[in-house]
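Enquirer: Structure in structure tokens, see below.
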Amino acid sequence: MRTDYAVVLVTASSRLEAEKIAKALVEKQLAACVSLTPIHSIYTWKSEVCQEDEWQLMIKTDLRQFEQLETQIKQLHSYEVPEIIALPIIKGSADYLNWISEQIQKY
Amino acid sequence: MRTDYAVVLVTASSRLEAEKIAKALVEKQLAACVSLTPIHSIYTWKSEVCQEDEWQLMIKTDLRQFEQLETQIKQLHSYEVPEIIALPIIKGSADYLNWISEQIQKY
Amino acid sequence: MRTDYAVVLVTASSRLEAEKIAKALVEKQLAACVSLTPIHSIYTWKSEVCQEDEWQLMIKTDLRQFEQLETQIKQLHSYEVPEIIALPIIKGSADYLNWISEQIQKY
């Protein structure tokens with residue numbers, strides 16, 4: 001059984017928005033688990049250096065759901081171009097990886 | 001010399017548990033460095049959406065030690081199925097990667 | 001167009017140092033975005049287990065800039081051997097990945 005376990009990173013504008021997105025992903029079985037962390041972001045927008053307090057979502061999922069995951073996030077997100085990037089899980093505890101698979105609906 | 005540098009992610013129930021696991025991994029030379037961060041987790045357990053404050057461990061190590069690392073974490077961890085997942089380090093500062101190698105015992 | 005999108009992890013000794021490095025990377029278009037998070041680190045230094053509060057930088061960039069990124073970080077960093085390690089972005093929202101490319105100067 002091919003799997004594409006990954007950690008998907010998304011940033012949100014507030015804790016409220018982060019929780020709303022995380023709950024929707026878990027309830028719709030697009031993610032097994034989502035952790036939230038407050039962060040301070042520095043970036044450029046239209047050549048201006050900007051700074052903002054945001055919230056980082058770390059989404060543990062299977063990338064075969066990526067299109068549905070991306071669609072769901074964009075539907076709920078307040079940003080025009082939200083960060084949605086995937087880091088590969090190349091090894092893991094077998095029982096935990098199985099738990100991820102059990103939580104995720106095969107769309 | 002083949003290397004498998006990686007960042008291994010583990011979540012723990014409290015700061016105390018996170019520190020206990022981190023110290024054991026570093027003292028037994030199963031990890032070069034472990035960083036701890038408070039997180040808020042949202043996940044499903046037996047079809048119920050749950051929320052909990054946890055601690056995230058980011059373990060900088062070499063995956064050739066993964067079995068010993070996994071065994072040590074499971075011995076100390078309070079969860080039945082702890083998160084233990086590895087992200088690959090594909091590039092890095094040579095002197096820092098050498099430092100990782102020097103810290104880790106070849107089991 | 002080959003791309004090497006990645007998240008580069010760096011730890012800094014203080015928020016001030018973290019912000020100084022992050023601003024320089026963004027202003028010089030070596031990074032599209034940098035997020036900062038307070039962390040607690042446990043590691044060994046000359047066989048002693050040490051603990052320290054630090055700041056984690058998560059740098060969203062393209063690894064074709066890695067040498068320039070590494071040089072810039074080392075010029076500004078207070079550590080002799082700073083953590084500079086790259087995790088591969090293997091999938092992402094197309095418009096966000098394009099945004100990363102637009103922010104980064106082709107050196």
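Enquirer: Looking at (1) in contact with an Asp or Glu (Cβ under 6 Å, 6 or more places away or on another chain); (2) outside any strand (DSSP E or B); (3) of a type in the set (A, V, I, L, M), which is the only condition C:I100 fails?
Expert: C:I100 satisfies all of (1) in contact with an Asp or Glu (Cβ under 6 Å, 6 or more places away or on another chain); (2) outside any strand (DSSP E or B); (3) of a type in the set (A, V, I, L, M) except (1).
Enquirer: Further question: Do the conditions hold for B:I90, that is, is it surrounded by fewer than 21 Cβ atoms within 10 Å (Cβ to Cβ) and aliphatic (A, V, I, L, M)?
Expert: Judged against the criteria, B:I90 is a match.
Enquirer: Could you please find all residues in the stretch A:71-96 being in a helix (DSSP H, G or I) and free of Cβ contacts under 8 Å to residues at least 24 places away in the same chain? Spell out how you get there, then give the answer.
Expert: Keep residues of the stretch A:71-96 that are in a helix (DSSP H, G or I), which gives A:71-76, A:94-96.
If the condition is that a residue be in a helix (DSSP H, G or I) and free of Cβ contacts under 8 Å to residues at least 24 places away in the same chain, then A:T71, A:K74, A:Q75, A:A94, A:D95, A:Y96 are the ones that fit.
Enquirer: Does A:L36 qualify as being surrounded by 19 or more Cβ atoms within 10 Å (Cβ to Cβ), touching a Phe, Trp or Tyr at 6+ places or on another chain (Cβ under 6 Å) and modelled with pLDDT of 95 or more? Write out each step before concluding.
Expert: Details: surrounded by 19 or more Cβ atoms within 10 Å (Cβ to Cβ): yes; touching a Phe, Trp or Tyr at 6+ places or on another chain (Cβ under 6 Å): yes; modelled with pLDDT of 95 or more: yes.
Spelling it out, A:L36 is indeed surrounded by 19 or more Cβ atoms within 10 Å (Cβ to Cβ), touching a Phe, Trp or Tyr at 6+ places or on another chain (Cβ under 6 Å) and modelled with pLDDT of 95 or more.
Enquirer: Ok, one more. Against the conditions (1) on the phi < 0 side of the Ramachandran plot; (2) among the basic types (K, R); (3) surrounded by fewer than 23 Cβ atoms within 10 Å (Cβ to Cβ), where does A:K46 fall short? Just the number, please.
Expert: The number of the failed condition is (1).
Enquirer: While we're here: Looking at (1) away from chain B (no Cβ under 12 Å); (2) more than 30 Å from B:Y5 (Cβ to Cβ); (3) among the β-branched types (V, I, T); (4) under 10 Å from the mean Cα position of the chain (by Cα), which is the one condition that is false for A:I84?
Expert: The number of the failed condition is (2).
Enquirer: Looking at B:K60, B:K106, B:K46 in this structure, which one is among the basic types (K, R) and at pLDDT 95 or above?
Expert: Working: B:K106 fails: at pLDDT 95 or above; B:K46 fails: at pLDDT 95 or above.
So the residue among B:K60, B:K106, B:K46 that is among the basic types (K, R) and at pLDDT 95 or above is B:K60.
Enquirer: How many residues are over 27 Å from C:A6 (Cα atoms) and not β-branched (V, I, T) if we restrict to the stretch C:34-56?
Expert: So in the stretch C:34-56, the residues over 27 Å from C:A6 (Cα atoms) come out as C:44-51.
Imposing the further condition that a residue be not β-branched (V, I, T) reduces the set to C:45-48, C:50-51.
Number of matching residues: 6.
Enquirer: Continuing with the same structure: If you scan the stretch B:21-60, which residues turn out to be touching a Cys at 6+ places or on another chain (Cβ under 9 Å), within 11 Å of chain A (Cβ to nearest Cβ), touching a residue at least 24 places away in the same chain (Cβ under 8 Å) and not hydrophobic (A, V, I, L, M, F, W, C)?
Expert: B:S41, the sole residue that qualifies.
Enquirer: Same structure, new question: Taking C:A18, is it within 12 Å of chain A (Cβ to nearest Cβ), surrounded by 23 or more Cβ atoms within 10 Å (Cβ to Cβ) and either closer than 26 Å to B:V8 by Cβ or hydroxyl-bearing (S, T, Y) (or both)? Talk me through it step by step, then tell me what you get.
Expert: On the way: within 12 Å of chain A (Cβ to nearest Cβ): yes; surrounded by 23 or more Cβ atoms within 10 Å (Cβ to Cβ): yes; either closer than 26 Å to B:V8 by Cβ or hydroxyl-bearing (S, T, Y) (or both): yes.
Taking the combined requirement at face value, the residue satisfies it.
The values are calculated or read from the model by the stated rules, or taken from the named source; none is laboratory data. All values derive from a computational prediction rather than experimental measurement. For neighbour counting, all protein chains shown are included, and Cβ atoms are generated from backbone atoms with ideal geometry for every residue, glycine included.
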